[in-house]
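Below is one structure, written out as structure tokens; the observations come after it.
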Amino acid sequence: MFKLLAKSWEHKCNRCGLCCHEKVIIGDEVLLDMNTHCEHYDPKTHSCKIYIERLTLHRRCRKITPFHAMFARYLPDECAYVQWARSRHLRFALKRRIRFVQGDRGDSLSDGEALFGTQS
Ligand code: SF4
Ligand code: SF4
């Protein structure tokens, strides 16, 4: 039963890959750099190349838990776990504006600004 629940939780991820991009939090904004990502992220397939072993092979990688879904402010609205929490009125994180930078999703930063910090 526990295994089934864990599997169903894992399958909620829609593989958008947004949490695998470099990010920095500044005040009420999360800047997601769409040109820079974790070394294990494959931008062509939007997937993790070491998914099963990611938590042991990549020490900065984090498993998304219901707690993250409810409270993590760095997760974008596109995240399936955020949507899961929101659909159950369990999303308590203060809203942060997400800015996509240096990619094809919109905003851009000035040259030379560095972003860092992958997490999933
Ligand atoms: S942040 Fe984690 S899930 Fe994303 S590509 Fe890296 S190891 Fe994989
Ligand atoms: S942001 Fe959420 S839905 Fe997208 S890859 Fe990360 S955990 Fe999965």
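Here, each number is a calculation from the coordinates, and none is a lab measurement. All of these numbers come straight from a predicted model, not from anything done at the bench. Ideal geometry is used to build each Cβ from the backbone, glycine not excepted, and the neighbour counts take in all protein chains shown.
Tabulated data
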read-out	value
Unmet criterion (only one of (1) within 15 Å of ligand 2 (Cβ to nearest atom); (2) surrounded by 13 or more Cβ atoms within 10 Å (Cβ to Cβ); (3) not charged (D, E, K, R)) for residue 36	(1)
Identity of the residue in the range 50-61, over 18 Å from residue 11 (Cβ atoms) and among the basic types (Lys, Arg), that ends up nearest to the chain's Cα centre (by Cα)	60
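Conditions tested, residue by residue: (1) outside any strand (DSSP E or B); (2) surrounded by 15 or more Cβ atoms within 10 Å (Cβ to Cβ).
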residue	(1), (2)
5	yes, no
30	no, yes
53	yes, no
59	yes, no
64	yes, yes
76	yes, yes
